[in-house]
Amino acid sequence: MRAFVLVLAISAALLAAVADGWGYNNYCGVAPGAARGIPPLALDGTSSASPRLIQVQTMFRHGDRTPANGNVCWPDMDTAVFSCEANAAQATAIGNTKSTTRTNRLYRFMPIAGAEVYAGDCYAGQLTELGVEQELANGAAFRAAYVGDGKLLADTFEPSEVMFQCDMSARVMTSTMSVIEAMFPHNTAAAETLPLVNIYVQDSETDPTCPNAALCPGLVANAAAFVNSTEFIEYNATVIAPLIQEFEAALNVTGITLTTLQTMFDCANVWTCHNFSLPASVPPALWQALFETGTNLTIMQNVFPSPTAYGVLSMGPFLTKFYERALGAINGTEGIAKFYGHGSHDSCVMPFVAAFDLLTQWTPYAGVVIFEFYEMPADSAASHAVRMIVYGEEVLIPGCSAVLCPWPEFE
């Protein structure tokens with residue numbers, strides 16, 4: 001059986017530049033100069049011993065990218081020229097059980113400059129160099145918190161301890177590789193062979209990481225119910241429809257629909273993150289209204305008819321696996337990893353957060369959600385506990401009495 005190896009060339013200088021991680025900044029994600037790692041666990045002093053970390057499960061969004069869908073955003077959008085230096089290279093590895101491979105050549109897939117939808121040398125939805133840097137920062141933060149020096153994981157990559165999974169979109173695959181590269185740096189300067197690190201993938205029809213109507217057909221009926229709900233009908237009449245009219249007038253076009261508006265929302269965020277000028281005929285307040293409307297509508301969809309009800313439909317299969325892995329760590333089940341990393345999209349991370357009734361914003365580029373599972377000291381009220389970290393900040397899980405949530409309360 002043939003397996004494909006994607007190789008991302010990352011310089012030591014770039015790894016060093018992101019060693020401490022970066023802080024979050026709204027939709028655009030981590031930005032240079034605002035250092036923030038994973039917050040250390042604060043102890044309340046009630047026990048003579050410290051909790052012992054036994055497992056981490058995390059889901060992270062891909063890094064900064066070009067517009068996702070290859071659609072026209074607005075008239076005269078070619079004034080923005082995208083440049084992409086982060087291109088994955090590929091070789092073929094024969095044998096799924098091998099831990100190393102020998103290759104004489106890597107193959108790089110390059111966009112044809114001037115032939116893509118957007119001006120420049122990037123294809124639609126491509127991870128940018130900044131996106132790589134953001135995910136390197138995530139990997140560096142994971143390493144600082146969880147790798148080596150008596151921490152959760154060994155200093156080098158151990159397949160029995162760590163499992164990464166992602167979908168087959170190039171930006172998510174490259175983001176996941178970047179996280180691993182910084183989490184487990186490897187010097188191949190003098191090596192004759194390259195190490196093989198498995199990143200697991202799954203057919204979209206069976207993948208539970210994102211809302212999947214093939215697994216939960218009720219999602220189709222729920223989407224129809226939302227469109228016919230009083231909440232959406234009122235929001236559409238009072239917010240969306242007037243916003244469409246204002247954009248049609250400002251851009252001097254007709255025929256803008258909700259789908260068009262959602263494309264403009266994506267493009268406007270990308271333009272903002274890349275410091276490109278938005279069409280001057282649209283006043284700043286109208287762009288701000290678009291950002292707010294797009295975010296609010298998506299939050300409404302992810303909590304309809306309630307966070308719990310939608311969470312069961314959208315993330316039920318994933319949460320089942322999530323719970324089984326956590327329970328396996330608590331019970332010491334053989335074959336359960338210590339670290340699970342899921343590279344994904346905002347459309348997957350947001351319903352994951354919403355399932356815990358904590359969705360208040362759009363998931364930023366490279367935004368990370370972390371669950372840490374602890375074995376508690378013998379004199380603690382509960383034998384195990386859970387901590388949740390959302391976009392760099394620890395949060396109080398609803399229904400829990402403390403940030404370090406006792407397992408019976410979380411379960």
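Does L278 meet the test of being in contact with a Phe, Trp or Tyr (Cβ under 7 Å, 6 or more places away or on another chain), over 24 Å from C348 (Cα atoms) and at pLDDT below 95? Let's see the steps before the verdict.
Numbers: in contact with a Phe, Trp or Tyr (Cβ under 7 Å, 6 or more places away or on another chain): yes; over 24 Å from C348 (Cα atoms): yes; at pLDDT below 95: yes.
The answer is yes for L278.
Using the structure shown, decide if Y123 is open to solvent by 50 Å² or more (accessible area, probe 1.4 Å), hydroxyl-bearing (S, T, Y) and over 30 Å from V369 (Cβ atoms). Against the criterion (open to solvent by 50 Å² or more (accessible area, probe 1.4 Å), hydroxyl-bearing (S, T, Y) and over 30 Å from V369 (Cβ atoms)), Y123 does not qualify. Inside segment 220-256, residues that are surrounded by 14 or more Cβ atoms within 10 Å (Cβ to Cβ), in a loop (DSSP other than H, G, I, E, B) and of a type outside the set (S, T, Y) make up a count of 1. Going residue by residue through segment 251-273, is there one that turns out to be within 22 Å of the chain's Cα centre (by Cα), within 30 Å of M77 (Cβ to Cβ) and aromatic (F, W, Y)? Taking every residue of segment 251-273 in turn, at least one turns out to be within 22 Å of the chain's Cα centre (by Cα), within 30 Å of M77 (Cβ to Cβ) and aromatic (F, W, Y).
Condition check for N104 on (1) polar (S, T, N, Q); (2) open to solvent by 80 Å² or more (accessible area, probe 1.4 Å); (3) within 18 Å of I199 (Cβ to Cβ): one failure, at (3).
Residues in segment 287-294 include none that are polar (S, T, N, Q), open to solvent by 20 Å² or more (accessible area, probe 1.4 Å) and touching a residue at least 40 places away in the same chain (Cβ under 8 Å). Of all residues in segment 198-219 being of a type in the set (V, I, T) and surrounded by 13 or more Cβ atoms within 10 Å (Cβ to Cβ), which is farthest from V179 (Cα to Cα)? Here the answer is T209. From the list R171, R143, the one residue that fits, being open to solvent by 40 Å² or more (accessible area, probe 1.4 Å), assigned to a helix (DSSP H, G or I) and under 15 Å from D64 (Cα atoms), is R171. Looking at (1) among the hydroxyl-bearing types (S, T, Y); (2) within 16 Å of A68 (Cβ to Cβ); (3) more than 21 Å from the chain's Cα centre (by Cα), which is the one condition that is false for S160? Just one mismatch for S160, condition (2). Based on what the data block shows, is T79 in contact with a Phe, Trp or Tyr (Cβ under 8 Å, 6 or more places away or on another chain), open to solvent by 30 Å² or more (accessible area, probe 1.4 Å) and of a type outside the set (G, A, S)? Judged against the criteria, T79 is a match.
Yes/no matrix, rows are residues, columns are (1) in contact (Cβ under 8 Å) with a residue 12 or more places away in the chain; (2) open to solvent by 10 Å² or more (accessible area, probe 1.4 Å):
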position: S314; (1), (2): yes, no
position: P317; (1), (2): yes, yes
position: A326; (1), (2): yes, no
position: G335; (1), (2): no, yes
position: H345; (1), (2): yes, yes
position: M350; (1), (2): yes, no
position: A354; (1), (2): yes, no
position: D357; (1), (2): yes, yes
position: G367; (1), (2): yes, no
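Taking the numbered list (1) touching a Gly at 6+ places or on another chain (Cβ under 6 Å); (2) at positive phi; (3) not hydrophobic (A, V, I, L, M, F, W, C) in turn, P364 passes all entries but (2). May I ask you to list the residues in segment 33-52 that are surrounded by fewer than 19 Cβ atoms within 10 Å (Cβ to Cβ), at pLDDT 90 or above and among the aliphatic types (A, V, I, L, M)? Result: L41, single match.
Quick check: anything in segment 377-384 of a type in the set (A, V, I, L, M) and modelled with pLDDT of 95 or more?
From segment 377-384, those of a type in the set (A, V, I, L, M) are 378, 381-382; that's our starting set.
Next cut, modelled with pLDDT of 95 or more only: none.
Checked against the condition, which is being of a type in the set (A, V, I, L, M) and modelled with pLDDT of 95 or more, segment 377-384 yields no hits at all.
Taking only segment 343-376 into account, find how many residues are of a type outside the set (A, V, I, L, M), under 8 Å from the mean Cα position of the chain (by Cα) and under 28 Å from A154 (Cβ atoms). Residues that pass the stated criteria total 3.
The values are calculated or read from the model by the stated rules, or taken from the named source; none is laboratory data. Here the structure is a predicted model, which means the values were calculated and not measured. Using ideal geometry, Cβ is built from the backbone for each residue, glycine included, and neighbour counts are taken over all protein chains shown. To get the accessible areas, we keep the full protein, side chains included, count just its heavy atoms, and leave off ligands, DNA and RNA. Shrake-Rupley method; radii C 1.70, N 1.55, O 1.52, S 1.80 Å.
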